[in-house]
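Enquirer: What follows is a single structure, and I will ask about it in a moment.
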Amino acid sequence: MIVGIVLALGAIVVVAVAVTVVLVRQKDPLRRGGALRRIGVAVMVVFTGFGAIFIGGYAMEDPGGNAGLTVTLAWVAPMLVLAAAAWFWPAFAAPLLISLTSALVAACLWFAVDPEYARSFISGLGPVVAVSVIALAFPAAVLGLKRTALAGWLLIALGVLPLLITIVGRSGPVVSLAAASVVPLIAGIIYLASVRIARPHPATV
């Protein structure tokens, strides 16, 4: 879990530097917005890659072998399919991602209502909420290249709601979920900022 926290903190520093450079060097609002959008998706790609390696490494240790590979593919494969759908068929992927995000939030609420069951469930299967956040956040980030505002709100919802509900309900490990939530939240804020910056000023229209 310490590695996840370090990665999240490193991502914050890198994003802060990159955003500052864009805002200082790029004066055109449209180019600023486009550059910020690319920063958002780039940081999610890197974070998801490290997250997959980190989570996959644990799975290959416990349960290990074919079972560990199956557990890893069980979330990586659907994530990649969703990401491809977000790129090629955003009109189809957008409502699907909204539905899946809503389902994850509903599951977190259910866990909060019955925290004892939630802790038993997570103890047996691992940090499923944190993994689900990553698995949905990456396709949402890809969707942001097509539908930036919607993707921004999805990423913010994924970064805030599961963590907040888990903290309030005391229904699961907070550290791993916080490490998985920080970067999607940052990417979502960047996406919304890129939309705001690229929007024409009334005086210039």
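Enquirer: Angle, helix 65-88 long axis vs. longest principal axis of the chain, Cα atoms, 0 to 90°, nearest 10?
Expert: 30
Enquirer: May I ask for the distance between the Cα centers of region 100-163 and region 170-194, given as a whole number of Å?
Expert: One Cα centre to the other: 10 Å.
Enquirer: I'd like the orientation of helix 2-25 relative to the chain: the angle between its Cα long axis and the longest Cα principal axis, in ° from 0 to 90, rounded to 10.
Expert: Approximately 10 degrees, to the nearest 10.
Enquirer: Something else about it: Sorted by packing (mean other beta-carbon atoms within 10 Å per residue), highest first, where do 131-144, 40-53 land?
Expert: So the peptides 131-144, 40-53, ranked by packing, come out 131-144, 40-53.
Enquirer: Report the charge-dipole magnitude of the chain in Debye, nearest 20, computed about the Cα centre from +1 at each Lys and Arg Cβ and -1 at each Asp and Glu Cβ. It would help to have the intermediate numbers written out before the result.
Expert: Working: 12 positive and 5 negative charges, 216 e Å.
Magnitude of the dipole: close to 1040 debye.
Enquirer: Could you give each residue of region 116-125 its phi-based ³J(HN,Hα) in whole Hz, using Karplus coefficients 6.51, -1.76, 1.60 with θ = phi - 60°, and x for Gly or Pro?
Expert: 5, 5, 4, 5, 5, 5, 5, 4, x, 10
Enquirer: Hey, another quick one. Find the all-direction average of the projected area of the Cα convex hull for the chain, expressing the result in square nanometres with one decimal place.
Expert: Directional mean of the projected Cα hull area for the chain stands at 12.1 nm².
Only the coordinates and a few stated rules stand behind these numbers; no lab work does. The shown structure was predicted, so the numbers you read here are calculated from the model rather than taken from an experiment. Here Cβ is always computed from backbone atoms with ideal geometry, including for glycine, and neighbour counts include all displayed protein chains.
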